[in-house]
Amino acid sequence: MANSALLRSMDKRAINEFRKDLLGMLRVGKELDRHYGESNLDVMDDIKKFDSLIKSFNKKYKNLMLRLVKKTDSIELKLLLNEKSARDAFENSASKIIGLQSVGASGFGTAIVSDSEGFSAELGKIKDKLCVTYYNPQTGTSKVFLQYDKKSKKIELVYELEEIEIEPSAEFQIAAYYALNEEYNKKIKLANEAATLGFPFIPDHNVRSDYFHKFDPDISE
C-alpha cells in the first residue's frame with residue numbers, strides 16, 4: 001500500500017485495524033444474508049444484534065457508514081461514503097488512486113485518461129452515478145461503481161467482497177480513505193464487541209466461524 005497516493009499519509013496500523021473491522025462486518029453480513037435467504041427463523045434475532053454492531057461501526061468511522069437493507073429474500077449491507085455527489089467522491093478519492101484509466105457517467109470505459117478533452121467532458125456529465133476503471137500490476141484491471149443513495153443522501157460504494165478484501169484494490173482504498181481521513185474512535189473495539197454479541201469476525205470469506213455452525217450443524221471446517 002506504500003504506493004497508494006490516497007492512503008500515503010495514513011497510519012499503517014490504523015489501516016490494518018480498519019481492514020479487520022470492515023471485512024469482519026462484511027463477512028458476517030454475507031453469512032447472515034445466506035441464512036436469511038434460506039428463511040431460517042433463528043437468524044432474525046441475530047440480525048437485530050448485528051444492527052447494534054453496525055451502529056458501533058458507524059460511530060467509530062464517521063465518514064463511512066454501513067446500512068443494512070432487508071429485502072424479501074435477502075439482506076444487503078450497503079457501504080456509504082460521506083459525500084453528496086459522485087463527482088465529489090471522484091475528486092476527493094477515486095481520482096487519486098494510481099492506475100486510473102477511464103471514467104463513465106453511465107458505463108465503464110467511456111472516456112480514457114489519455115484523451116484529456118473527452119475525459120473532462122465525461123466528468124462534466126457525472127450526476128448520480130460514476131463508473132471508474134483502474135489497472136494495477138498487483139490486482140490487474142478493476143472497476144469501481146459509485147451511485148447516489150436517496151435514503152441516506154450519501155454516495156454508495158457498490159462493492160464485491162472478493163474485491164474489497166484485497167488491500168491494494170481501488171474499492172478498499174476508497175473505503176479506507178473515508179474511514180480514516182478524519183480521526184476515528186479508537187476506544188471502540190469492534191472485534192471484541194462482535195465476539196461478545198456472538199459474532200467472532202471470520203478470518204477468511206471461505207471459512208465459516210463456529211458461530212454459523214448452529215445453522216449448518218453438518219458443516220465441518
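Each reported figure results from applying straightforward, stated rules to the coordinates on display, with no laboratory input. Computed from a predicted model, the values in this text were never measured in an experiment. We place every Cβ from the backbone using ideal geometry, glycine too, and count neighbours over all the protein chains shown.
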Exposure proxy check on 145, 57, 50: fewest-to-most Cβ neighbours within 10 Å is 145, 57, 50
Filtered hits (aspartates and glutamates, Cα-Cα < 12 Å from residue 70, offset >= 8 within chain) -> 33, 51
For the residue 58, residue 5 Cβ pair and Förster radius 35 Å, calculated FRET efficiency rounded to 0.05 is 0.85
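Can you order the peptides 119-130, 153-164 by their average number of other Cβ atoms within 10 Å per residue, highest first?
Working: 119-130: 15.8, 153-164: 17.9.
Descending packing order for the listed peptides: 153-164, 119-130.
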Counting sequence-distant residues (5 or more places) and residues on other chains, those with an amide H built under 5 Å from that of residue 136 are 141, 142
Rounded to whole angstrom, the alpha-carbon centroid of the range 134-179 lies from that of the range 18-76 at a distance of 18
In degrees, nearest 10, the alpha-carbon axis of helix 12-37 is tilted away from the dominant principal axis of the alpha carbons of the chain by 60
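Looking at this model, which pairs from 151/187; 96/153; 55/96; 125/153 are more than 26 angstrom apart at the alpha-carbon? List each step's numbers first, then the result.
On the way: 151/187 29 Å; 96/153 23 Å; 55/96 29 Å; 125/153 20 Å.
151/187; 55/96, as the Cα separations exceed 26 Å there.
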Pseudo-spin-label distance residue 160 to residue 115, built 7 Å along Cα→Cβ, given in nm, is 2.5
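Find, among the trypsin sites (Lys or Arg not before Pro) in the range 52-85, those assigned to loop by DSSP (not H, G, I, E, B) with at most 13 other beta-carbon atoms within 10 angstrom.
On the way: sites: 55, 59, 60, 62, 67, 70, 71, 78, 84; in loops: 62, 71, 84.
Those satisfying the criteria are 71, 84.
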Helix 170-180: inclination vs the chain longest Cα principal axis, degrees, rounded to 10, gives 80
Tilt, helix 43-60 to longest principal axis of the chain (alpha-carbon atoms), in degrees rounded to tens, equals 50
Honestly the range 68-166 on the Cα gyration tensor test (a ≥ b ≥ c root eigenvalues; a/c under 1.5 rounded, otherwise a/b vs b/c for prolate or oblate) is just oblate
